[in-house]
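Okay, structure first, notes after.
The values are calculated or read from the model by the stated rules, or taken from the named source; none is laboratory data. Just so it is clear, the model here is predicted, and its values are computed rather than measured. Don't worry about glycine lacking a Cβ; one is built from the backbone with ideal geometry, like all the others, and counts go over all protein chains shown. Protein only, heavy atoms only, side chains kept; ligands, DNA and RNA dropped before computing areas. Shrake-Rupley method; radii C 1.70, N 1.55, O 1.52, S 1.80 Å.
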Amino acid sequence: MAGGPSTPELVAAAGAAGALGFLAGGYLSAPVFAERIRAARALTTGPVGANVFVPQPSAGTPEALARYAATLRPLAERYGVEPGEPRYDDDDWAAKLDVLTDLRPEVASFTFGLPGERDCRRLRAAGITLVATVTTAAEARLAAERGMDALVVQGPSAGGHRGTFDPAASPASLSLAETLSAVRAVTDLPVIAAGGLMTADDIARVRTAGAVAAQLGTAFLLADEAGTNPVHRAALRSDEFTETAVTKAFSGRYARGLRNRFIDDHEPRAPLAYPEVHHLTAPVRAAAVRAGDPQAVNLWAGTGFRRARTGSVAAILSGLA
Ligand SMILES: Cc1cc2nc3c(=O)[nH]c(=O)nc-3n(C[C@H](O)[C@H](O)[C@H](O)COP(=O)(O)O)c2cc1C
């Protein structure tokens, strides 16, 4: 979980309790990503996972971005900041692949697409197990052809960004159960189910449906070891927020979060343009966190957020066993 929640402490605590935690590489520079993998290694002898965003060409245009920037200006002024520069970048992709090859986490996972064939060969030669997030059977087929070792099948209830490969596509709407069955029809790779899973019963259900494991995000956002910011934590527990929504307004890619004023005001005019929109809204989101105001913060959460529990990662995991 990029943007703060996935700390080395969370990853180490998950590993110590028999699960597999993932360090988030998204938005970090490669040196900071490396530092966090090393920090997790220093805290545990257990397995460490690391996750990176695969760069895709942006679906945005300068005109659409300029229009969206203009609509954000009054809100930015209210928080006393300028909108960010709507720049494209590849999230330090090549350098992060070097970090993975050098530091060899047991598992590397990819979202928003797949590494190239040569990169896959290099990572595998380093002894790393490769996992791709997929949201459709077509993406699963591509991932299998690319030589992935396992797939995370992400359903529509998932918190945070949808892993959809095509940055211009609408997110798939089949349920997690339907997506699992469609994916299992096209590949024999082990599948890990994700999206809206919050309880032991939820996990048992996806295991019965053929998943070898479950991946949970929202269930750990309130964990002691998570780096979730205080505004996000409070919002997850507040009666002010009653539902989640899927929005491209914060980042230019579809993601699910607690429905707040920013989503209501900006979703209709937000272009699909990742990562430019992410950079454009970043100063506003940061200022809202500083001001303790959840109404302009990306409060990523899955549909099961009401069942997120506080406490240690070990206690949360034992409740899920
Ligand atoms: C706060 C937050 C941040 C996330 N960041 C990432 C990320 O950096 N990389 C990624 O592959 N998935 C990310 N996800 C999606 C998760 O990998 C997973 O698909 C999702 O949490 C599963 O649904 P759930 O939140 O209902 O458990 C994030 C999810 C949340 C809630």
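A simple charge model with +1 on the Cβ of Lys and Arg, -1 on the Cβ of Asp and Glu and nothing else charged puts the dipole of the chain at about 320 debye relative to its Cα centre.
With R₀ fixed at 41 Å, the C-beta to C-beta distance from R78 to T45 puts the FRET efficiency at about 0.25. Net charge of the neighbourhood of Q154, taken over other residues with C-beta under 11 Å away and scored Lys/Arg +1, Asp/Glu -1, is +1.
Annotation: extensible slack from R306 through A169 equals 46.4 nm (criterion: 0.36 nm per residue apart, minus Cα-Cα distance). Distance between the C-alpha centres of the stretch 243-302 and the stretch 15-40: 24 Å, rounded to the whole angstrom.
Note on R261 and E145: with the Förster distance fixed at 30 Å, the Cβ-Cβ geometry gives a FRET efficiency of about 0.10.
For the options A50, A34, A125, a Gaussian network treatment of the chain with springs between C-alpha atoms closer than 10 Å singles out A125 as fluctuating the most. Pairwise alpha-carbon distances in the chain exceed 34 Å for 17% of all pairs. Counting 0.36 nm for each residue step from Y88 to R104 and taking away their Cα separation leaves a gain of 2.9 nm.
Rolling a 1.4 Å probe over the heavy atoms of the protein chains gives the stretch 131-274 an accessible area of 40 Å² per residue. What residue among G159, G60, G80 shows peak mean-square fluctuation when the chain is described by a Gaussian network model with Cα springs under 10 Å? Per the Cα network of the chain with a 10 Å cutoff, G80 tops the list. Taking 0.36 nm per residue of sequence separation and removing the Cα-Cα distance, the R67/Y27 pair yields an extension gain of 11.9 nm. The mean sequence distance of close C-alpha pairs (under 8 Å, at least 6 residues apart), as a share of the length of the stretch 121-215, puts its relative contact order at 28 percent.
With all protein chains in place and a 1.4 Å probe, the accessible surface of the stretch 1-135 carries 52 percent carbon and sulfur.
When only Cα pairs below 8 angstrom with a gap of at least 6 residues are kept, the chain shows a relative contact order of 20 percent.
With every protein chain in place and a 1.4 angstrom probe, the accessible-area ranking of D188, D119, D98, largest first, reads D188, D98, D119.
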